[in-house]
Amino acid sequence: MEISRYQPSQAKPAQPAAPKNQEATEKTVKDSKETYTPSPRPDVKNMSPEERDNYLNKLRQESDKHFESLKNLVAKMLEKQGFTFQDLHGDSNVAETIEVDEETRLAAEKAVAEDGPYGAEAVSDRLVNFAIALSGGNVDKLDVLRGAIDMGFKAVEDIFGELPEVSKQTYALIQEKLAAWEKEQRGTPAESRS
């Protein structure tokens, strides 16, 4: 089954050549082993409750691992500037003085890239797999799943303002994948809700 993929409407602007002192940083970032590898969606309908719980725990652990990686990246950046996460709480002046260094910027860019652990494809897969597993593979719970996903994206938008493009792409892919799953389960046409 082929799922259509989000295609940006514009080509990315050309990036200026990296200065020579950035080459080592870029090599370090490129050599990072944390990339996204898709896995087949398991048939949760045929899983025992214990197997489904184990699968959900595996998804949680994977998500926690990626979150810790991101948290460590930010912690290192803060540490280089003499700050900690605690320094950011309640003091907006500290947050305004934080500078994102080139190494952190490149690592974050790689993390949200197409093959990165926070890229739209990887995050949408994790969210859809988690939602389907929570439903026990019951397509009749699709409206509840979509509602929960919508609430989550809305809550983030309420806190941070307009979502970045990678989040918008993630949301669109989630809707496409849920529509494809519904079509597969019901055997009827289903449209994504972007």
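The values are calculated or read from the model by the stated rules, or taken from the named source; none is laboratory data. From a predicted model like this one, the values you see are computed outputs, not experimental measurements. With ideal geometry, Cβ positions are generated from the backbone for all residues, glycine too; neighbour counts draw on all protein chains shown.
Scan the range 119-153 for residues that are surrounded by fewer than 18 Cβ atoms within 10 Å (Cβ to Cβ) and not in a helix (DSSP H, G or I) and the total you get is 2.
Would you be able to say whether some residue in the range 150-164 is under 30 Å from residue 80 (Cβ atoms), free of Cβ contacts under 8 Å to residues at least 60 places away in the same chain and in contact with an Asp or Glu (Cβ under 9 Å, 6 or more places away or on another chain)? Yes, because at least one residue in the range 150-164 is under 30 Å from residue 80 (Cβ atoms), free of Cβ contacts under 8 Å to residues at least 60 places away in the same chain and in contact with an Asp or Glu (Cβ under 9 Å, 6 or more places away or on another chain).
The single condition from (1) modelled with pLDDT of 90 or more; (2) part of a loop (DSSP other than H, G, I, E, B) that residue 116 fails is (1). All told, residue 109 meets the bar of being among the charged types (D, E, K, R) and assigned to a helix (DSSP H, G or I).
Considering only residues of the range 54-68 that are of a type in the set (S, T, N, Q) and without any contact (Cβ under 8 Å) to a residue 12 or more places away in the chain, which is farthest from residue 123 (Cα to Cα)?
Here is the first cut: in the range 54-68, the ones of a type in the set (S, T, N, Q) are 54, 57, 61, 63.
With the extra rule that they be without any contact (Cβ under 8 Å) to a residue 12 or more places away in the chain, the set shrinks to 54, 57, 61.
Values: 54: 20, 57: 16, 61: 14 Å.
Ranking the qualifying residues of the range 54-68, first place goes to 54.
Look at (1) over 25 Å from residue 65 (Cα atoms); (2) outside the structural domain of residue 187 (by TED's automatic domain parsing); (3) at pLDDT 90 or above and you find that residue 158 fails only one, number (2).
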